[in-house]
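Let me begin by presenting the structure, written as structure tokens, before commenting on it.
The values are calculated or read from the model by the stated rules, or taken from the named source; none is laboratory data. Quick caveat: nothing in here was measured; it's all calculated off a predicted structure. Here the Cβ is made from the backbone with ideal geometry for all residues, glycine too, and neighbour counts use every protein chain on show. Surface accessibility is based on the protein's heavy atoms, side chains included, excluding ligands, DNA and RNA. Shrake-Rupley method; radii C 1.70, N 1.55, O 1.52, S 1.80 Å.
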Amino acid sequence: MESVLLTAPITALEFVDDHLLSGEGPYITVYCVGKNHIKIQRKRQNVLKSYTVHGIKLPGSSSGTFEHRLIAVFGGKGLIVLQVTIDELEVGLIEICKLRELHDWIWDVQWLGDDLQSNSYLALALGHNSVALYDYRTGKALKELHCAEKCILYSACFYGKTWEELILVSGTVFNQLVIWATSDPTNEEGRTEPRKRISGHNGVIFSIFYDYKKGLLASASDDRSLRVWDVGDLASFTFEVQCRLVLYGHQARVWAVKLLPDYIISIGEDSACIVWNYQGKIVHTFKGHKGRGIRAVAVQDQHHWVATGGVDSGIRLWQINNTSRTNELLTLNFSLLHGPGVPKAIAMVDANLLVVMTDLGSIYTYDFICKQWTFILEDENYKSYSLLDVYKMSASVLCAIGNIKGGIKIFMLSLPPVLKDIKLHLGKIHSLTWVPPVGRGQNTCSLFSSGPSGVMVWLEVTCVSGHMESVTEKGQFVLPVCKQRWHTSVAFIPSEDLFVCGDRRGSIMLFSTNLGTASSGQSNIEGACDAETENTLKENREPLISQERDSNLAHSHLCTVNPVSLLFGVHGKLGVTSISCHGGFAYSTGRDGYFRQLSVERGQLTVLRKQKSCKGMEWIERLFFTSDGNLIVMGFHATDFVVWNSRTNEKLHCIPCGGGHRSWSYKEDGHNEVFVYIKSGAILAKVSHPLGIIKNVVKEPMHGRECTCVQYAGTLVTHGNDILHVLLTSSEDTTVNILCFNESTGCLWQLGSISDHLSSVKTLALAKTSSLLQEDCGLSAVLISAGGRAQIECYRVQVSQDKDSGSVSSQVIHLVSHRLDEHWDRIKNKHKIVKMDPETRYMSVAVVREGTRDIPRLNAQQVVLAAACSDGSIRFFLICENSRKMFLVAESFYHLRCVLRVRTLVHSSAGRERYLLCSAATDGRIAFWDITDTTEQVCNISEEELGNCRALDLGHPCLIVTAHQCGINSLCVQENKDGHYLVASGGDDNSIHICCVAIDRTCGGDQRTNFHLLQEISVPSAHAAHVTGLNFLREDLLASVSVDQRLTLWHLRDSDLSHVSTKFCHVADVSELHCWKATREDGHFCVLCGQGLEIVICLMNQTPEP
């Protein structure tokens, strides 16, 4: 067995010039992070074998050239010295000595002596407050001194270059800093008395840092605080200690602290890296890691970089000075102009030009480069009510304003006297929206306006050589009936004669631009157009024609067009804020805090999935897709305007503006980022100048908390003949990740993430209801995820490869959700049944049956799902993919205690398939069920009846086997060559149990299946801790994993389960094991998850033959 991939928490970081060394499990990885380089991995090597890297220590002096640098790597009881060789072609990690194993944990390492080439001595701070003089070349401890303070250490810090002047500051379990020296005399017990004990913290001390130039000592503690102590020179025999700073800023335990010349750096369990000044003020707070904290930090002084490594396996790079971005808040002093009125509406043309409309109907511009206001025009017909939108073409800027009487003025900022003044509506203009052209040339753009009774008019404006040549009315459209009946955003669908529109009611509509074939005056959507609207359209038509003639408009045939597809109120009552198109999909944002991905197929809109951005952003205004595929989300978090980077999981901007219920505008051009808003009658602008932007994601993160389940989805063969395995993982951080593993290179990367769950995702199941291997070399499957808060989510997951670029991408379509509390609210006569617990957790799910069946007027893809529940029940659900519905169809409370696992099998007998179920609970018993009749019964009930009928009762199990003394954490089933079934289980009692079961049908009228227990095999102490994962590689070869971090292979022969081999794995708290057959080698991949993810290949030529 050989490990081919490990993703684990980052536990150590250190800079070597422009390279970054990271510790991940036993591996040292070298990244190039120079300013002129993309963050690339250059070397990865297992150096500590079964130990986890906790520290990387460079010599204090500058001995050794840049190309050849010695480092000491330690973790647990392991120690190794490496020579790092770096050149343009390759990076080498050469072992200077073999891996050394000490008798105690190592907390710190100090290089001794100036000549490191001839010297081979290290000082080691050990876990029980002792210091060892260690010769790493011979592997011998020459001396070991013990402190008179007998305690366990949580941290340690050395000071001194030689053994004689060596001083240790140790952080004890008694919340103290103990300072002692190796040169001090010993007492009668042979132990060294401390020079000083420093108290003040109310928790154990996790990190210590000493700056001898400043004479400052810093400590980080379990009490969420940092303390900076003024101690002077530790080498002196007498020194006074004064607490200079007590810093509270972290929301959880503080893991590490570093002192820099100008700043203090701290990292904590709250996933924050905080930069403090020496006055105790917070200068920066870097947040980008997920979940349970940052565990490692390193500083590069030359470039002012801070690298952080998190529990999420990600590595981030931050700049701690202000050279990367300058921010300034400007007051534009609009009120200093003579009588300009009060600003009511603003719009940014680009990052350098602002347009302002006042309550007097005046238009002004502000140039951010010249810092100068310019008057454009004034019209009394547009005073009091201000509606403004601008659009920048290649050679001109178009501006449109609307008034309360239905008039619209269109003009160019460069030539304001040349304008079009149009009366399009008989009443108030509710909204104006410029829409960029799609395939209509660069000289045209579209303007949409909404008036009374839901009438929306489309104008096409043509500009030639910087002059507005024509304004053509393309058509009139009718919005659905609602109280606030006007559009808020419009986007054309590329390569189709369609556009998508969002309105103030939260609805999304699809209109046809092919007005010759579009419905005119007739609505194909019930309630989309009422009699009042029809009368308004008739009244509007003649005034429009006459006005167009008066204004010399290019006239076209007027059409009354209704939506061809409508999604009513999908964004709630607060409205849609934007519509955009990207990558063949439409995206909508709303004030409900969600953005939705939409598809347009056969003239119909379909919501594929809805997503939230950062926590607390309840108003999403706009999406922006970068050239490298990143998604930037803009919106409001309470009263703050927030720009969120979804890839790096951080807030790029957070501007306290007072909220989104005001006129505001945001633009960026790569050199400047400007956010302008009106507050209390004043125009304020937050201007940001990114000067030295660096790509700060060195290593992509995975899950922020423990992985709970992993599933293998399938294999892709790329155009380049690479073999890619698709994996799905779930976590306690409420997300599901879609991962891709390259068998040839051993690389793992994330294709997508799902975050619809309210609580932890406990289990996953796949139903391959369509062909996995498609013509475009893609995968498609139905994914079911379940967990806390009695929540089940169902998706269609598609993984495909681009034919041109060869890149692999994923598409997730949300099908249906189900929660027991919502189901309970819909039940009739609920007083007759026991109320369901809304806090029930789904512990395990398994697909019982999948396929297609015919029901009246509908051909439905169906999946029958079995779920093990924490309230002691087994529940069955019917998922209808086409109608996107899920029904609770059957249940049983036989176990009366938490059901931990369910597994299904299909037994073929006499030309008929029997659906069977195995369930395991916390009492150590396995129940065998025949669920064929129940499954067939629910599949033959129409959806209308399923919505009203009560859940069926499963009855009693056919066979009960007592396999364990307590809970069963893992269960797997394998059919052998005799047609019998091997059921393997692993429990909290550390044992593995296998039972062989034969299945036949009962003679006579009873149609139930008979289960016969043929054989039982048990290994009482198979592991040293709970067995959490089992998988059959062959019918005679079983793989098991446990919390003891061992992956073990077992050979099943006759009535014996014998040990084959064991491998130590570096994933702590293992929760799941999944195996699949390798493509290019005769073996199996075994993936185990927990606090990380590890893939191990088991070669069959190293295992016993069947």
In region 350-364, what residues are under 20 Å from ALA682 (Cα atoms) and either touching a helix residue (DSSP H, G or I) at 6+ places or on another chain (Cβ under 9 Å) or not in a loop (DSSP other than H, G, I, E, B) (or both)? LEU353, LEU354, VAL355, VAL356, MET357, THR358, LEU360, GLY361, SER362, ILE363, TYR364
Could you figure out which of (1) modelled with pLDDT of 90 or more; (2) surrounded by fewer than 19 Cβ atoms within 10 Å (Cβ to Cβ); (3) within 23 Å of SER817 (Cα to Cα); (4) in contact with an Asp or Glu (Cβ under 9 Å, 6 or more places away or on another chain) isn't true of ARG897? (3)
Of the listed residues (HIS1084, HIS1066), the one being open to solvent by 10 Å² or more (accessible area, probe 1.4 Å), farther than 16 Å from VAL983 by Cα and not in a strand (DSSP E or B) is HIS1066
Determine if region 444-453 includes at least one residue that is in contact with a helix residue (DSSP H, G or I) (Cβ under 6 Å, 6 or more places away or on another chain) and modelled with pLDDT under 90. yes
So is SER489 assigned to a loop (DSSP other than H, G, I, E, B) and within 37 Å of the chain's Cα centre (by Cα) or not? no
For region 89-144, please list each of the strands (runs of 3 or more DSSP E) lying entirely inside it that holds at least 3 residues being of a type outside the set (S, T, N, Q), within 45 Å of the chain's Cα centre (by Cα) and closer than 19 Å to PRO26 by Cβ. 91-95, 106-111
Check region 390-406 and report whether any residue there is touching a residue at least 24 places away in the same chain (Cβ under 8 Å), farther than 18 Å from TYR666 by Cα, over 47 Å from the mean Cα position of the chain (by Cα) and open to solvent by 70 Å² or more (accessible area, probe 1.4 Å). yes
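Within region 580-595, can you find the residues that are open to solvent by less than 20 Å² (accessible area, probe 1.4 Å) and not polar (S, T, N, Q)?
Selection gives ALA586, GLY590, GLY593, PHE595.
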Which of the residues spanning region 581-612 are more than 22 Å from the chain's Cα centre (by Cα) and under 11 Å from LEU623 (Cα atoms)? CYS581
Qualifying residues in region 603-623 (those that are more than 21 Å from VAL812 (Cβ to Cβ) and outside any strand (DSSP E or B)) - the one most open to solvent (accessible area, probe 1.4 Å): GLU618
Residue list for region 745-787, restricted to those being open to solvent by 30 Å² or more (accessible area, probe 1.4 Å) and modelled with pLDDT under 85: LYS768, SER770, SER771, LEU772, LEU773, GLN774, GLU775, ASP776, CYS777
Residue check: is VAL1060 modelled with pLDDT of 95 or more and aliphatic (A, V, I, L, M)? no
Checked pairs for region 808-833, first crowded, with 16+ Cβ neighbours inside 10 Å, second at pLDDT 85 or above and not in a strand (DSSP E or B), C-beta under 8 Å and 6 or more apart or across chains, list as HIS814/ASP756; LEU815/GLU881; LEU815/ARG884; VAL816/ARG884; ARG819/ARG789; ARG819/ALA790; LEU820/ALA790; LEU820/THR840
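Matching residues to (1) modelled with pLDDT of 90 or more; (2) more than 21 Å from SER219 (Cα to Cα); (3) open to solvent by less than 60 Å² (accessible area, probe 1.4 Å):
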| position | (1), (2), (3) |
| --- | --- |
| ILE80 | yes, yes, yes |
| GLU88 | no, yes, no |
| ASP104 | yes, yes, yes |
| TRP111 | yes, yes, yes |
| ALA125 | yes, no, yes |
| ASP135 | yes, yes, yes |
| LEU145 | yes, yes, yes |
| LYS150 | yes, no, no |
Determine whether region 432-441 contains at least one residue that is at pLDDT below 90 and more than 26 Å from THR589 (Cβ to Cβ). yes
Quick check, is ALA998 in contact with a His (Cβ under 9 Å, 6 or more places away or on another chain), among the aliphatic types (A, V, I, L, M), surrounded by 14 or more Cβ atoms within 10 Å (Cβ to Cβ) and not in a loop (DSSP other than H, G, I, E, B)? yes
Mind listing whichever residues of region 974-1015 are at pLDDT 90 or above, in contact with a strand residue (DSSP E or B) (Cβ under 7 Å, 6 or more places away or on another chain) and either more than 24 Å from VAL906 (Cβ to Cβ) or of a type in the set (Lys, Arg) (or both)? GLY987, ASP988, ASN990, SER991, ILE992
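Residues of region 718-741 being among the polar types (S, T, N, Q) and at pLDDT 90 or above, which ones?
Within region 718-741, the first condition is being among the polar types (S, T, N, Q), and the residues that meet it are 718, 721, 729-731, 734-735, 737.
Of everything in region 718-741, those that are among the polar types (S, T, N, Q) and at pLDDT 90 or above turn out to be THR729, SER730, SER731, THR734, THR735, ASN737.
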What number of residues within region 193-235 satisfy the criterion of being at pLDDT below 90, open to solvent by 10 Å² or more (accessible area, probe 1.4 Å) and among the aliphatic types (A, V, I, L, M)? 1
Can you pull out every residue in region 94-153 that is more than 18 Å from LYS49 (Cα to Cα) and of a type in the set (Gly, Ala, Ser)? GLY113, SER118, SER120, ALA123, ALA125, GLY127, SER130, ALA132, ALA141, ALA148
Residue list for region 448-483, restricted to those being assigned to a loop (DSSP other than H, G, I, E, B), touching a residue at least 40 places away in the same chain (Cβ under 8 Å) and out of contact with any strand residue (DSSP E or B) (no Cβ under 8 Å at 6 or more places or on another chain): SER465, VAL481
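Considering only region 1015-1025, I want to know if a residue exists there that is under 28 Å from LEU724 (Cβ atoms), part of a loop (DSSP other than H, G, I, E, B), without any contact (Cβ under 8 Å) to a residue 40 or more places away in the chain and under 39 Å from the mean Cα position of the chain (by Cα).
Looking through region 1015-1025, none of the residues is under 28 Å from LEU724 (Cβ atoms), part of a loop (DSSP other than H, G, I, E, B), without any contact (Cβ under 8 Å) to a residue 40 or more places away in the chain and under 39 Å from the mean Cα position of the chain (by Cα).
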Region 920-952: number of residues that are of a type in the set (Val, Ile, Thr), farther than 16 Å from ARG875 by Cα and at pLDDT 90 or above: 2
Selection count where residues are aliphatic (A, V, I, L, M) and open to solvent by 10 Å² or more (accessible area, probe 1.4 Å), scope region 435-481: 4
Closer than 27 Å to ARG316 by Cβ, open to solvent by 30 Å² or more (accessible area, probe 1.4 Å), at pLDDT below 90 and in contact with a strand residue (DSSP E or B) (Cβ under 8 Å, 6 or more places away or on another chain): which single residue out of ASN645, ASN672, ASN696 fits that description? ASN672
Could you list, in sequence order, the residues of region 1034-1053 that are closer than 19 Å to PHE1064 by Cα and not hydroxyl-bearing (Ser, Thr, Tyr)? LEU1037, LEU1038, ALA1039, VAL1041, VAL1043, ASP1044, GLN1045, ARG1046, LEU1047, LEU1049, TRP1050, HIS1051
Checked region 232-261 for anything part of a loop (DSSP other than H, G, I, E, B), touching a residue at least 40 places away in the same chain (Cβ under 8 Å) and more than 21 Å from ILE320 (Cβ to Cβ); matches are LEU234, ALA235, PHE237, PHE239, VAL241, ALA252, ARG253
